[in-house]
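Engineer: This is the structure I have questions about; it appears just below.
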Amino acid sequence: MDLCERDARCLWHPYSAWGADLPLFGVRRAEGVRLYLEEGRELIDGMASWWCVIHGYNHPVLNAAIEHQLRDMAHVMFGGLTHEPAVALAERLVAITPDGLDVVFFADSGSVAIEAAMKMAIQYQIARGRPGRRFLVPRGGYHGDTLHAMSVCDPVTGMHGLFREVLPQQLFVDRPEPAFGQPCEAHHLAALEAAFAEHADSLAGVILEPIVQGAGGMRFYSADWLRAVRALCDRHDIPLIADEIATGFGRSGHLFACEHAGVTPDILALGKALTGGYMTLAALLTTPKIAGTIAGGEPGLFMHGPTFMANPLACAVARASIDLLLESPWQARVDAIEDGLRRGLAPCAALPHVAEVRVLGAIGVVELTDPVDMKTVQPRFVEHGVWVRPFGRLVYLMPPYVIDEEDLARLCGAVVEVVGELTVHGGRCVPRNASI
Ligand SMILES: *Cc1c(COP(=O)(O)O)cnc(C)c1O
């Protein structure tokens with residue numbers, strides 16, 4: 001039995017049906033921007049393993065950081081104990097994030113960090129004796145797969161219908177408009193302002209992805225809209241939670257997407273690229289005001305503490321990844337990727353089933369008119385020697401920052417080819433020559 005057959009008998013994959021006959025590819029090894037498959041093929045990676053692998057795979061500096069830490073300790077509990085990797089990482093995070101975010105809380109994944117951020121906002125309101133318990137959330141967002149994180153995901157794409165009876169009801173506002181680079185006008189903000197005016201007392205906080213809405217639709221929105229939310233949060237004294245789990249560490253063209261708007265959130269969530277894609281780790285940063293208010297309330301403790309909190313291996317590699325990023329010409333690399341994506345994906349705009357092509361930083365998106373049929377389309381990308389994993393109507397690229405011009409051009413060329421072959425059959429985009 002080969003690897004994929006063994007897999008199919010006993011494994012579940014992300015958002016998949018057990019036993020479904022979907023294409024699956026065994027990876028033997030990964031290095032730089034390449035995945036080496038069991039069957040011998042090599043693929044240029046366009047996904048950075050879902051935003052994480054910013055420095056490429058199998059990086060000697062990150063390998064060394066883990067090996068070095070491993071000699072001292074792989075793990076130790078964080079209750080009552082501390083260690084150099086955690087402290088050094090927290091110091092770096094405080095130094096590189098917007099001013100005022102001085103207190104760090106580590107969690108073990110993005111979803112868990114969002115749960116903790118929501119609990120932090122609720123405990124802050126409890127400590128102040130305020131009644132607010134729910135969250136104001138723009139539509140079109142994605143914040144993770146655990147139940148409270150799901151409750152702030154887009155109500156349509158976030159499966160709210162399926163989990164209606166168990167999800168807390170949040171206050172949704174229309175998705176942020178207009179698009180990135182365009183100025184907000186009064187009508188873009190009217191509903192938002194009305195929601196604050198009417199419901200501010202019932203709110204524990206506002207949660208959003210700054211500038212880039214990721215898995216909820218891959219949209220880039222106006223910095224004015226984010227500034228307007230910040231101003232409304234200030235006026236109504238409500239904490240703003242910025243989920244930069246996807247955008248953090250340079251992906252949008254600034255180190256943090258909030259910087260596009262010059263906005264500092266009250267709670268910042270980081271994950272994904274935090275460890276350069278080596279280990280699962282997430283972090284929340286908040287202000288002394290919020291942390292201090294919680295400390296001064298009842299019971300005076302922040303009620304959260306994962307078993308693997310501040311895992312030393314994860315902290316050590318995260319610190320090495322941040323140093324590697326800041327010592328690299330990351331800004332010039334991301335700018336070059338932005339140029340390459342704009343040039344490389346531009347021909348898609350003229351293709352029949354393409355609704356829009358958009359690029360920001362090292363993120364390139366081709367939005368189709370209909371959802372992609374994964375079973376027939378995914379293998380086409382592999383045949384073209386690239387790893388691209390569309391979802392819904394979106395074919396998108398977010399390669400490691402170390403990708404060179406030639407590989408980026410090949411990646412974009414493959415997208416143009418595969419998208420150019422698509423036709424709509426039974427409401428889905430399929431390759432024209434697919435046997436259906
Ligand atoms: C991926 C993601 C999450 C969830 O992170 P996990 O590590 O998958 O739990 C939360 N928010 C955003 C914006 C994300 O992109």
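Engineer: Give me a count of the residues in the range 40-58 that are open to solvent by less than 50 Å² (accessible area, probe 1.4 Å) and in a helix (DSSP H, G or I). Talk me through it step by step, then tell me what you get.
Structural biologist: First pass over the range 40-58, keeping only residues open to solvent by less than 50 Å² (accessible area, probe 1.4 Å): 43-48, 51-57.
Filter once more, so that each one left must be in a helix (DSSP H, G or I): 48, 51.
So the answer is 2.
Engineer: Take the range 378-395 and flag every residue that is in a strand (DSSP E or B) and either open to solvent by 40 Å² or more (accessible area, probe 1.4 Å) or more than 25 Å from Phe256 (Cα to Cα) (or both). First the steps, then the outcome.
Structural biologist: Here is the first cut: in the range 378-395, the residues in a strand (DSSP E or B) are 386-387, 391, 394-395.
Those that are in a strand (DSSP E or B) and either open to solvent by 40 Å² or more (accessible area, probe 1.4 Å) or more than 25 Å from Phe256 (Cα to Cα) (or both): Val386, Trp387, Phe391.
Engineer: Residue by residue through the range 168-192, note down the ones that are under 21 Å from Ala121 (Cα atoms) and open to solvent by 80 Å² or more (accessible area, probe 1.4 Å). Walk me through how you get there before you give the answer.
Structural biologist: Step one: filter the range 168-192 for residues under 21 Å from Ala121 (Cα atoms), giving 168-173, 192.
Correct list: Gln169 only.
Engineer: Output yes when any residue across the range 76-94 is farther than 30 Å from Pro399 by Cβ, open to solvent by 60 Å² or more (accessible area, probe 1.4 Å), in contact with an Asp or Glu (Cβ under 8 Å, 6 or more places away or on another chain) and away from the ligand (no atom under 15 Å from the Cβ), and no when none is.
Structural biologist: no
Engineer: Regarding the range 254-267, can at least one residue be identified that is surrounded by 24 or more Cβ atoms within 10 Å (Cβ to Cβ), free of Cβ contacts under 8 Å to residues at least 60 places away in the same chain, under 16 Å from the mean Cα position of the chain (by Cα) and not assigned by TED's automatic domain parsing to the domain that holds Arg342?
Structural biologist: Yes, the range 254-267 contains at least one residue that is surrounded by 24 or more Cβ atoms within 10 Å (Cβ to Cβ), free of Cβ contacts under 8 Å to residues at least 60 places away in the same chain, under 16 Å from the mean Cα position of the chain (by Cα) and not assigned by TED's automatic domain parsing to the domain that holds Arg342.
Engineer: Across the range 193-229, which residue is surrounded by the most Cβ atoms within 10 Å (Cβ to Cβ) among those that are of a type in the set (D, E, K, R) and outside any loop (DSSP other than H, G, I, E, B)?
Structural biologist: Just the residues of the range 193-229 that are of a type in the set (D, E, K, R), to begin with: 193, 198, 201, 209, 219, 224, 227.
Then keep just the ones that are outside any loop (DSSP other than H, G, I, E, B); that gives 193, 198, 201, 219, 224, 227.
Values: Glu193: 15, Glu198: 10, Asp201: 10, Arg219: 23, Asp224: 18, Arg227: 15.
Among residues in the range 193-229 that are of a type in the set (D, E, K, R) and outside any loop (DSSP other than H, G, I, E, B), the one surrounded by the most Cβ atoms within 10 Å (Cβ to Cβ) is Arg219.
Engineer: Limited to the range 339-359, what total is found for residues that are surrounded by 15 or more Cβ atoms within 10 Å (Cβ to Cβ) and within 15 Å of Leu422 (Cβ to Cβ)?
Structural biologist: The number of residues fulfilling the criteria is 7.
Engineer: Using beta carbons and a limit of 9 Å, which pairs, at least six apart or on different chains, have the first residue in the range 284-298 and in a helix (DSSP H, G or I) and the second one among the aromatic types (Phe, Trp, Tyr) and surrounded by fewer than 24 Cβ atoms within 10 Å (Cβ to Cβ)?
Structural biologist: Pairs that qualify, where the first residue is in a helix (DSSP H, G or I) and the partner is among the aromatic types (Phe, Trp, Tyr) and surrounded by fewer than 24 Cβ atoms within 10 Å (Cβ to Cβ), are Ala291/Phe105; Ala291/Phe302; Ile294/Phe302; Ala295/Phe302.
Engineer: Scan the range 111-129 residue by residue and report those that are touching a residue at least 24 places away in the same chain (Cβ under 8 Å) and open to solvent by 20 Å² or more (accessible area, probe 1.4 Å).
Structural biologist: The initial filter retains those residues of the range 111-129 that are touching a residue at least 24 places away in the same chain (Cβ under 8 Å), namely 111-128.
Across the range 111-129, the qualifying residues are Ser111, Val112, Glu115, Lys119, Ile122, Gln123, Ile126, Ala127, Arg128.
Engineer: Let me ask something else. Going residue by residue through the range 204-214, is there one that turns out to be modelled with pLDDT of 95 or more and over 18 Å from the mean Cα position of the chain (by Cα)?
Structural biologist: yes
Engineer: Has the range 365-377 got any residue that is under 23 Å from the mean Cα position of the chain (by Cα) and either open to solvent by 50 Å² or more (accessible area, probe 1.4 Å) or among the acidic types (Asp, Glu) (or both)? First the steps, then the outcome.
Structural biologist: Step one: filter the range 365-377 for residues under 23 Å from the mean Cα position of the chain (by Cα), giving 365-368, 371-372, 374.
Applying the additional criterion that residues be either open to solvent by 50 Å² or more (accessible area, probe 1.4 Å) or among the acidic types (Asp, Glu) (or both) yields 367.
Yes, there is a match, as at least one residue in the range 365-377 is under 23 Å from the mean Cα position of the chain (by Cα) and either open to solvent by 50 Å² or more (accessible area, probe 1.4 Å) or among the acidic types (Asp, Glu) (or both).
Engineer: Still on this structure: Which one of these is assigned to a helix (DSSP H, G or I), farther than 17 Å from Asp154 by Cα and either touching a Lys or Arg at 6+ places or on another chain (Cβ under 7 Å) or within 16 Å of the ligand (Cβ to nearest atom) (or both): Leu274, Leu189, Leu232, Leu268? Steps first, answer last, please.
Structural biologist: Details: Leu189 fails: either touching a Lys or Arg at 6+ places or on another chain (Cβ under 7 Å) or within 16 Å of the ligand (Cβ to nearest atom) (or both); Leu232 fails: either touching a Lys or Arg at 6+ places or on another chain (Cβ under 7 Å) or within 16 Å of the ligand (Cβ to nearest atom) (or both); Leu268 fails: assigned to a helix (DSSP H, G or I).
Just a single option satisfies the conditions, and that option is Leu274.
Engineer: Go through Val395, Val402, Val418 for me and flag whichever is in the same structural domain as Gly340 (by TED's automatic domain parsing), within 20 Å of Arg251 (Cα to Cα) and touching a His at 6+ places or on another chain (Cβ under 7 Å). Let's see the steps before the verdict.
Structural biologist: Details: Val395 fails: touching a His at 6+ places or on another chain (Cβ under 7 Å); Val418 fails: within 20 Å of Arg251 (Cα to Cα).
Exactly one of Val395, Val402, Val418 is in the same structural domain as Gly340 (by TED's automatic domain parsing), within 20 Å of Arg251 (Cα to Cα) and touching a His at 6+ places or on another chain (Cβ under 7 Å), namely Val402.
Engineer: Checking Phe308 against (1) outside any helix (DSSP H, G or I); (2) closer than 30 Å to Ile337 by Cβ; (3) out of contact with any strand residue (DSSP E or B) (no Cβ under 8 Å at 6 or more places or on another chain), which test does it fail?
Structural biologist: Going through the list (1) outside any helix (DSSP H, G or I); (2) closer than 30 Å to Ile337 by Cβ; (3) out of contact with any strand residue (DSSP E or B) (no Cβ under 8 Å at 6 or more places or on another chain), Phe308 breaks only (2).
Engineer: Looking at this structure, is Asp224 at negative phi and touching a Pro at 6+ places or on another chain (Cβ under 8 Å)? First the steps, then the outcome.
Structural biologist: Numbers: at negative phi: yes; touching a Pro at 6+ places or on another chain (Cβ under 8 Å): yes.
Considered against the rule, which asks whether it is at negative phi and touching a Pro at 6+ places or on another chain (Cβ under 8 Å), Asp224 comes out as yes.
Engineer: Give the number of residues within the range 130-154 that are surrounded by fewer than 21 Cβ atoms within 10 Å (Cβ to Cβ) and within 16 Å of the ligand (Cβ to nearest atom).
Structural biologist: Residues of the range 130-154 surrounded by fewer than 21 Cβ atoms within 10 Å (Cβ to Cβ): 130-131, 133-134, 139, 145-148.
The next check asks that each one be within 16 Å of the ligand (Cβ to nearest atom); those that pass are 139, 145-148.
Result for the range 130-154: 5.
The values are calculated or read from the model by the stated rules, or taken from the named source; none is laboratory data. The shown structure was predicted, so the numbers you read here are calculated from the model rather than taken from an experiment. FYI the Cβ positions are ideal-geometry reconstructions off the backbone, even for glycines, and counts take in every protein chain you see. Ligands, DNA and RNA are stripped out before the accessible areas are found, and what is left, the full protein with its side chains, is counted by its heavy atoms. Shrake-Rupley method; radii C 1.70, N 1.55, O 1.52, S 1.80 Å.
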